[in-house]
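Peer 1: Pasting in a structure now, in C-alpha cells, and then I'll have a few things to ask.
The values are calculated or read from the model by the stated rules, or taken from the named source; none is laboratory data. All of these numbers come straight from a predicted model, not from anything done at the bench. Here Cβ is always computed from backbone atoms with ideal geometry, including for glycine, and neighbour counts include all displayed protein chains. All accessible areas refer to the heavy atoms of the entire protein, side chains included, with ligands and DNA or RNA removed. Shrake-Rupley method; radii C 1.70, N 1.55, O 1.52, S 1.80 Å.
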Amino acid sequence: MEPLQSHRVEMLSIAVALVAVGAGTAYYFYLQRKPKGPQGPKGCLDPDNFKEFLLVKRTQLSHNVAKFRFALPTPSSVLGLPIGQHMSCRGKDSVGEEVIKPYTPTTLDSDVGYFELVIKMYPQGRMSHHFREMREGEYLAVKGPKGRFKYQPGQVRAFGMIAGGTGITPMFQVARAILENPHDKTKILLIYANVAYEDILLKKELDHFAQSFPDQFHIYYVLNQPPEIWDGGVGFVSKEMIQTHCPAPASDIQILMCGPPPMNKAMAGHLDGLGYTPEMRFKF
Ligand SMILES: Cc1cc2nc3c(=O)[nH]c(=O)nc-3n(C[C@H](O)[C@H](O)[C@H](O)COP(=O)(O)OP(=O)(O)OC[C@H]3O[C@@H](n4cnc5c(N)ncnc54)[C@H](O)[C@@H]3O)c2cc1C
C-alpha cells in the first residue's frame, strides 16, 4: 500500500472508532436517563398525588367485611404496587373530616384492569365509616406505593408470618406472589390470630393455599373465642406457638408481623425471648 493510501485507511479507522465510542457513550447516557421502574406496563399509582379509582363492585362477605373492586383506567392497566407494599386511601369520617389510612390490595399485578380491597368496617372506625357508605359508581382517592418492605423471590429461605385481624392482607399478598410463581420455593409458616371464627378473613383462599401447597405453605389459626369444635390455637399468640409454628431463628429466614399495636408489642417480646435478631423480623 502507498504511504498516502495507508494514512487514509488509518484516518478512516480512527473516525469509525470515534463514531462507535460516541454512539456507545450516547446510548449509555440514554439508558441512564430512562426512568427506572418495574419492567412491563406502567403502573397507575402516583406516590405524590392522590388518584381517583371507580368502585365497580362491592361484595358483602360478612356483616362487617366487604370486598371492593376498583377499575383501573383501561382493561389492560396494572396497578403497579410492588409485592409487600401498601397504599394510602383517603376518605371522610362520620363528621365529614378527612381521614387517610393504609390498605393492601388482595390482588396482584397479574390481575389486570382492576384491584381489590378486603375491608373490615369497625363500628367506631373513621375510615370504616367511609367504606361503609361507599356505593358502586363512586370514586376512592388512592396514593402510593408506600412501605419499606419489597419482596424479591429468593430473598429468604422461609417466612414466618404473624397476623392479627386485617393484618392478614399484606401476608396474603406476599404469599400469593410466592405461591403463584412456580420458580419461587420460599416456605411460608403463617400464624393467624382473630377473636372469633367469623372474624377470619380470606379463610377460603388461605385454606386453598394450604391444600394446594402442603410442602410450602402452612397456616395455624388462633382464636380468642374458639367454637366448640376447634383444632387450632386458643387465646393470644404465645411464645410456644411461635416456636412450634414459625421457622427457627436463622440468617436466611424472616418473621413478618402485622396486627393491632398491642399484639405487635407482645409479639416483639416473644421474638426477643426466642432469639430472633432485628434483621430477622419486619413489622408492616
Ligand atoms: C400495612 C397495612 C395494611 C392494611 N391493610 C388493610 C386491609 O387490607 N383491610 C383492612 O380492613 N384494614 C387494613 N389495615 C388497617 C387499616 O389501615 C385501618 O387501621 C382500619 O381500617 C381501621 O381504620 P379506621 O379509621 O376505620 O378505625 P380507627 O378510627 O383508627 O379506629 C376506631 C376503632 O376501631 C377499632 N379498630 C381499628 N383498627 C383495629 C384493628 N386493627 N384491630 C382491632 N380493632 C381495631 C378499635 O376499636 C378502634 O378504637 C391495614 C393496616 C396496615 C398498617
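Peer 1: Report, to two decimal places, the Cα Rg of the chain normalised by 2.2 N^0.38 Å (N = number of residues).
Peer 2: Ratio of Cα Rg to 2.2 N^0.38 Å: 1.34.
Peer 1: Around Lys187, which amide H atoms from residues at least 5 apart in sequence, or from another chain, sit under 5 Å from its own amide H, with H modelled in the peptide plane?
Peer 2: Counting only residues 5 or more places away or on other chains, the set is Ala158, Phe159.
Peer 1: So, one more: Heads up, I need the accessible area for Val234: 1.4 angstrom probe, whole protein in place, Å², nearest 10.
Peer 2: Accessible surface of Val234 is approximately 90 Å².
Peer 1: If you take every residue apart from Thr106 with its C-beta less than 14 Å away from the C-beta of Thr106, what net charge results, scoring Lys and Arg +1 and Asp and Glu -1?
Peer 2: Residues close to Thr106 contribute a combined charge of +2.
Peer 1: Now for a different question. May I ask you to list the lysines whose Cα is less than 18 Å away from that of Lys185, ignoring any residue fewer than eight positions away on the same chain?
Peer 2: Lys150
Peer 1: Another question about this same structure. Rounded to the nearest 10 Å², what accessible area does Ile83 show when all protein chains are kept and the probe is 1.4 Å?
Peer 2: We get 40 Å² for Ile83.
Peer 1: Go ahead and estimate [θ] at 222 nm for the chain from helices alone: -39,500 (n - 2.57) per DSSP H run with n ≥ 4, summed, over the residue count, rounded to 500.
Peer 2: -9500 deg cm²/dmol
Peer 1: From the backbone phi of segment 150-166, what are the Karplus-calculated ³J(HN,Hα) couplings (6.51 cos²θ - 1.76 cosθ + 1.60, θ = phi - 60°) in whole Hz, Gly and Pro given as x?
Peer 2: 9, 7, 10, x, x, 4, 9, 6, 8, 9, x, 10, 10, 10, x, x, 6
Peer 1: At q = 0.12, 0.16 Å⁻¹, work out log10 I(q)/I(0) for segment 146-284 with the Debye formula, treating every Cα as an identical point scatterer and leaving solvent out; two decimals please.
Peer 2: Taking Cα atoms of segment 146-284 as identical point scatterers yields -0.43, -0.79.
Peer 1: What residues qualify as long-range amide H neighbours of Leu256, i.e. H under 5 Å apart, gap of 5 or more or another chain, H built at 1.01 Å from N?
Peer 2: Gly160, Met161, Ile162, Phe282
Peer 1: What are the ³J(HN,Hα) values, in whole Hz, obtained from phi via the Karplus relation 6.51 cos²θ - 1.76 cosθ + 1.60 with θ = phi - 60°, for each residue of segment 70-76 in sequence order, with x given for Gly and Pro?
Peer 2: Along segment 70-76, the couplings run 10, 7, 8, x, 9, x, 9 Hz.
Peer 1: Applying 1/(1 + (r/R0)^6) with R0 = 22 Å to the Cβ-Cβ distance of Glu228 and Lys204, what FRET efficiency is obtained, to the nearest 0.05?
Peer 2: My answer for the efficiency is 0.55.
Peer 1: Oh, and also: Report the antiparallel proportion of the DSSP beta bridges in the chain as a percent, rounded to a multiple of 5.
Peer 2: 50 percent
Peer 1: Please arrange Lys143, Lys51 by accessible surface area, largest first, computed with a 1.4 Å probe and ligands excluded.
Peer 2: From most exposed to least exposed: Lys51, Lys143.
Peer 1: Between Leu54 and Gln243, what is the spin-label point distance in nm, taking each point 7 Å from the Cα along the Cα→C-beta axis?
Peer 2: Those two pseudo-labels are separated by 5.6 nm.
Peer 1: As a test of reading the structure, rank Leu79, Leu189 by solvent-accessible area (1.4 Å probe, protein chains only), most first.
Peer 2: Leu189, Leu79
Peer 1: From the protein chains alone at 1.4 Å, what is the descending order of accessible area for Arg176, Arg148, Arg126, largest first?
Peer 2: Arg148, Arg126, Arg176
Peer 1: Let me ask you something else. Can you tell which of Asn264, Gln243, Gly80 lies farthest toward the positive end of the dipole of the chain, using +1 and -1 charges on the Cβ of basic and acidic side chains (Lys, Arg; Asp, Glu)?
Peer 2: Gly80
Peer 1: Once amide H atoms are placed 1.01 Å from N in the peptide plane, what residues at a sequence separation of 5 or more from Tyr221, or on another chain, have their amide H within under 5 Å of its amide H?
Peer 2: Placed amide hydrogens put Tyr192, Gly233 under 5 Å from Tyr221.
Peer 1: I'd like the distance separating the alpha-carbon centroids of segment 115-179 and segment 201-234, in whole Å.
Peer 2: So the two Cα centres are separated by 19 Å.
Peer 1: What number, in percent, do you get for the relative contact order of segment 132-284 if the mean sequence gap of Cα pairs under 8 Å and at least 6 apart is divided by its residue count?
Peer 2: Answer for segment 132-284 is 27 percent.
Peer 1: Something else now. How large is the accessible surface of Asp272 in square angstrom, using a 1.4 angstrom probe and rounding to the nearest 10?
Peer 2: Its heavy atoms expose roughly 100 Å² to the probe.
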